[in-house]
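Colleague: I have a structure here, written as structure tokens, and I will follow up with some questions on it.
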């Protein structure tokens with residue numbers, strides 16, 4: 001049997017609080033760093049950069065979720081991961097001096113801070129604390145990739161779906177009113193299937209079970225989650 005690897009990757013997945021070092025660093029030094037732009041809002045569905053373009057900018061995600069994907073010659077999109085707040089988007093690619101390997105698109109409304117490659121390298125060379133945090137970030141990604149393999153062996157597809165929904169709920173909760181119990185998953189079902197590493201058919205079966213439990217409602221294009229039911233499960 002061929003297994004698919006789960007692709008979801010946000011701060012909560014590492015069982016630790018999001019590290020706001022980069023957010024604080026650039027906010028405090030934005031006026032003195034040439035090439036550090038102000039935080040800018042982006043609506044959902046905005047393409048931040050496209051694969052194969054020269055990687056000249058790193059983006060600090062201050063709010064929201066970014067989808068990282070690859071489009072093949074036939075136009076089929078394959079999602080390779082999600083990134084969320086406090087992540088330095090495209091940092092490894094800029095560090096290597098190559099073209100962007102993937103296309104980055106906002107899944108939810110986002111606030112991103114652009115940092116030019118020149119500014120990024122300057123800070124890496126001159127600030128020890130920044131360099132240390134950059135090493136930590138890259139190490140975290142390596143460990144996360146290893147955990148993807150572990151999850152396939154140790155977690156059922158149903159458990160991976162539930163883990164994803166809980167993490168997404170936690171990620172989006174700061175942006176939704178406490179008075180509202182419902183929120184929409186900003187992904188189509190086939191995208192969700194790719195991210196958690198299950199077939200679309202199996203995901204449909206899982207969704208039907210969750211509908212019977214009152215946790216989700218919706219269509220193939222968009223699912224709605226009831227947070228209170230999700231947290232009680």
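Computed from the coordinates by the stated procedures, all read-outs in this text should not be read as laboratory data. Computed from a predicted structure; not experimentally measured. As a convention, Cβ positions derive from the backbone with ideal geometry for all residues, glycine included, and neighbour counts pool all protein chains shown.
Colleague: Once R0 is set to 22 Å, what does the formula 1/(1 + (r/R0)^6) return for the Cβ-Cβ distance between residue 159 and residue 211, expressed as a FRET efficiency to the nearest 0.05?
Modeller: The value I calculate is 0.80.
Colleague: Right, here's the next one. Choose one answer from 165, 54, 82: the residue with the largest mean-square fluctuation in a GNM of the chain with alpha-carbon springs under 10 Å.
Modeller: Result: 54 has the largest fluctuation of those listed.
Colleague: Given the options 126, 103, 24, which has the most mean-square fluctuation in a GNM of the chain, springs set between C-alpha atoms less than 10 angstrom apart?
Modeller: Taking springs between Cα atoms under 10 Å, the residue moving most is 126.
Colleague: Set the Förster radius R0 to 41 Å, insert the Cβ-Cβ distance between residue 72 and residue 32 as r into 1/(1 + (r/R0)^6), and round the FRET efficiency to 0.05.
Modeller: 0.40
Colleague: Another question, then. Just grab the label-to-label distance for residue 40 and residue 221, each label 7 Å out from Cα along the Cβ direction, in nm (one decimal).
Modeller: In this crude label model, residue 40 to residue 221 measures out at 3.0 nm.
Colleague: Follow-up question, since we're still on this one. Going by a ≥ b ≥ c, the root eigenvalues of the Cα gyration tensor, does region 31-127 fall in the rounded group (a/c under 1.5), the prolate group (a/b larger than b/c) or the oblate group? Display every interim value, and only then the final one.
Modeller: Values: a/c = 2.35, a/b = 1.39, b/c = 1.69.
In terms of gyration-tensor shape, oblate.
Colleague: Starting from the Cα of residue 56, step 7 Å toward the Cβ, then list every residue of region 110-129 with an amide N under 12 Å from that point.
Modeller: 116-118
Colleague: Here is a further query. Specify whether the C-alpha gyration tensor of region 156-232 places it in the rounded, prolate or oblate class, a ≥ b ≥ c being the square roots of the eigenvalues: rounded for a/c under 1.5, otherwise prolate if a/b is larger than b/c and oblate if not.
Modeller: It comes out prolate by the Cα gyration axes.
Colleague: Classify region 74-174 as rounded, prolate or oblate from the Cα gyration tensor: take a ≥ b ≥ c as the square roots of its eigenvalues, call it rounded if a/c is under 1.5, otherwise prolate when a/b beats b/c and oblate if not.
Modeller: Prolate.
Colleague: How many nm is it between the label spots at residue 121 and residue 139, if each spot is 7 Å from the Cα in line with the beta carbon?
Modeller: The two pseudo-label positions are separated by 2.6 nm.
Colleague: Quickly work out the residue 98-to-residue 233 label distance, labels modelled 7 Å from Cα along the C-beta direction, and quote it in nm with one decimal.
Modeller: The modelled label-to-label distance comes out at 3.7 nm.
Colleague: Still on this model: How large are Rg and Dmax for region 54-105 when only the alpha carbon atoms are used, in Å?
Modeller: Taking only Cα atoms of region 54-105, I get Rg and Dmax of 11.4, 34 Å.
Colleague: If you don't mind, there's one more thing I want to ask. Could you give the C-alpha radius of gyration of the chain expressed as a fraction of 2.2 N^0.38 Å, taking N as the number of residues it contains?
Modeller: Numbers: Rg = 18.2 Å, N = 233, 2.2 N^0.38 = 17.5 Å.
My calculation over the Cα atoms of the chain gives 1.04.
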